[in-house]
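In what follows, a single structure is set out as structure tokens and then discussed.
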Amino acid sequence: MRRAAVSFPMNIAEGAARKSNKEFIQFLHIALGSMTELDTLILLSAELGFVSKTDSEVLIEKLDIIGKIFLV
């Protein structure tokens, strides 16, 4: 979960440093994959009882907002 949470913004930053839009877009796709992975891990954490359903809903809502800011 920590790896996916770190990978998401790191891929955006790395892509932004690239010289072409095509490369940047590729890194945005990778970041989207990490965001989706993190979303799934949050859902699994709730199902397994590591976090409450309420906390997982709040986290997913925040993740959706962050995704819309950076990936839309």
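The values are calculated or read from the model by the stated rules, or taken from the named source; none is laboratory data. Keep in mind the model is a prediction, meaning the values are calculated, not measured. Neighbour counts are summed over all protein chains in view; Cβ atoms, including those assigned to glycine, are modelled from backbone coordinates with ideal geometry. Quick note on the areas: whole protein, heavy atoms, side chains included, nothing else; ligands and nucleic acids left out. Shrake-Rupley method; radii C 1.70, N 1.55, O 1.52, S 1.80 Å.
At 1.4 Å probe size, put 24, 70, 8 in order of accessible surface, largest to smallest. Provide the component values of the computation, followed by the final result.
Values: 24 65, 70 110, 8 15 Å².
Ranked from most to least accessible, the order is 70, 24, 8.
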Review point. Counting only protein heavy atoms, what percent of the accessible surface of the chain is carbon or sulfur at a 1.4 Å probe?
Key: 64 percent
Study note, to complete from the structure: If the chain between residue 21 and residue 54 were fully extended at 0.36 nm per residue, the gain over the current Cα-Cα distance would be 8.0 nm
Revision key, fill the gap. Per the helix-only model, the chain has a calculated mean residue ellipticity at 222 nm (DSSP H runs of ≥4, -39500 (n - 2.57) each, divided over all residues, rounded to the nearest 500) of -29000 deg cm²/dmol
Review point. Given labels modelled 7 Å from the Cα in the Cβ direction, how far is it in nm from residue 64 to residue 2?
Key: 2.9 nm
Review point. Per residue, what accessible area does the chain have, given a 1.4 Å probe and all protein chains present, in Å²?
Key: 72 Å²
Point to revise | Length-normalised contact order of region 1-45 in % [C-alpha pairs under 8 Å, at least 6 apart] | key: 45 percent
Check your understanding: Taking a probe of 1.4 angstrom, what is the accessible area of residue 53 in Å², to the nearest 10?
Key -> 100 Å²
